[in-house]
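The values are calculated or read from the model by the stated rules, or taken from the named source; none is laboratory data. Just so we're clear, the structure is a prediction, and the values are computed from it rather than from any experiment. Positions of Cβ are generated from backbone atoms using ideal geometry, with glycine treated the same way; all protein chains shown enter the neighbour counts. Side chains included, ligands, DNA and RNA excluded: accessible areas come from the protein's heavy atoms. Shrake-Rupley method; radii C 1.70, N 1.55, O 1.52, S 1.80 Å.
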Amino acid sequence: MTSPPPVEIEELFPELREFAATATRLHPRPGDPGVDDSSVGGPLRWPAGEPWPYCTDQDHYVDQLLTPDTVRRNRQVYAAAKARAAATGQKYTLTEAEQAEVPEFDYTEPLELAKQPIALVPVAQLYRRDVPDLGGPPDADLLQVLWCPLDHPDAGYNPRVELRWRRLADLDGQLDSVPEPVVVNENYLPTPCVVHPEPVREHQYVDLLPDNLKTRLYAWEKQSGLRYQNDFSLAPGWKVGGFANWSLSDWQPVDCTACGTPMTLLLTADSGERTGSQRWRATGEAAGAPMNPVDVLIGRGYSLYVFVCPTSATHPAATAMQ
């Protein structure tokens, strides 16, 4: 679980209580989740009679395309080489047999395959029993997040996200066979992970705080050697709720395209579980723990924030890369 903060920031700056929220860190770690488990990248509890969703857009931005099987095999090969180097102390390298299995750096499946219907891939499944502050419809027991594993120009050159809010009482049977996309961007194919939900307290992104409070925080940082943004504001990694980091583009409004209502942050899909600050490191975690256990990479190592409309769960989700 998360290390305790070095000081109680709200005792030093009581005004921050007005700019605080609970976020649930998911702490995904590679594993073998089932359909009845909360997970990142794991299988979904999908009704037998409901068709699996596909993306039928033909304007994907494509560069390197691989099959899901190729991506998984590549990850197995590189993981084995890393483990071998750690165990022997020898230089990290692939054997000749492993090199023969891994495609060339610039290898790609035919780009025309991206014009076929692309099966969406599971991104997250979260049961309310595991994440009580999940939000969404009050009678929904389950949130499922899927995305198209290719870049969409109209979504900021990110995967396009779809959500399913479900009541367990309405689920009938289980879909026997889940289709896989014919090709993917390897950065958008999550490795199945079990989750270890943990509520933490976050505070608003620094540039969205009142000017007077920011001035006092900056003065305190110089005196204390601590950093509000790194040590007290936003937890890294995959999480539900909390606040977004706007350091890439500066703050921009995220309003519902259906009704114009300001949207709320639902989920953060992150390119890594840690930052340079020790504040958010999971206690007891081994020094060699993977930085990116989900194997998802957003942009050049950013986060994808998924926003929802607070007035209606049927309104489309929105995303922002930061």
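Annotations
- Looking only at the range 255-264, and only at residues there that are open to solvent by 20 Å² or more (accessible area, probe 1.4 Å) and of a type outside the set (A, V, I, L, M), the one that is farthest from D207 (Cα to Cα): C259
- Residue within the range 14-36 that is among the hydroxyl-bearing types (S, T, Y), touching a residue at least 12 places away in the same chain (Cβ under 8 Å), part of a strand (DSSP E or B) and open to solvent by less than 10 Å² (accessible area, probe 1.4 Å) present: yes
- Filtering the range 276-295 to residues that are of a type in the set (V, I, T) and either without any contact (Cβ under 8 Å) to a residue 40 or more places away in the chain or surrounded by 18 or more Cβ atoms within 10 Å (Cβ to Cβ) (or both) leaves only V294.
- Residues of the range 118-140 satisfying the condition of being open to solvent by 10 Å² or more (accessible area, probe 1.4 Å), more than 13 Å from L26 (Cβ to Cβ) and touching an Asp or Glu at 6+ places or on another chain (Cβ under 9 Å): R128, R129
- Within the range 239-259, residues that are on the phi < 0 side of the Ramachandran plot sit with their Cβ atoms under 6 Å from residues that are among the basic types (K, R) and surrounded by 12 or more Cβ atoms within 10 Å (Cβ to Cβ), at 6+ positions apart or across chains, in these pairs: K239/R25.
- Identity of the residue in the range 296-309, farther than 14 Å from Y188 by Cβ and in contact (Cβ under 8 Å) with a residue 60 or more places away in the chain, that ends up nearest to the chain's Cα centre (by Cα): Y305
- Residue pairs meeting the criteria (Cβ under 7 Å; at least 6 apart or on separate chains; first more than 21 Å from P290 (Cβ to Cβ), in the range 56-82; second assigned to a helix (DSSP H, G or I) and open to solvent by 90 Å² or more (accessible area, probe 1.4 Å)): Q58/K115
- A85 of a type in the set (A, V, I, L, M, F, W, C), in contact (Cβ under 8 Å) with a residue 12 or more places away in the chain and surrounded by 12 or more Cβ atoms within 10 Å (Cβ to Cβ): no
- Sole residue being open to solvent by 30 Å² or more (accessible area, probe 1.4 Å) and within 16 Å of Y305 (Cα to Cα), chosen from Q229, Q252: Q252
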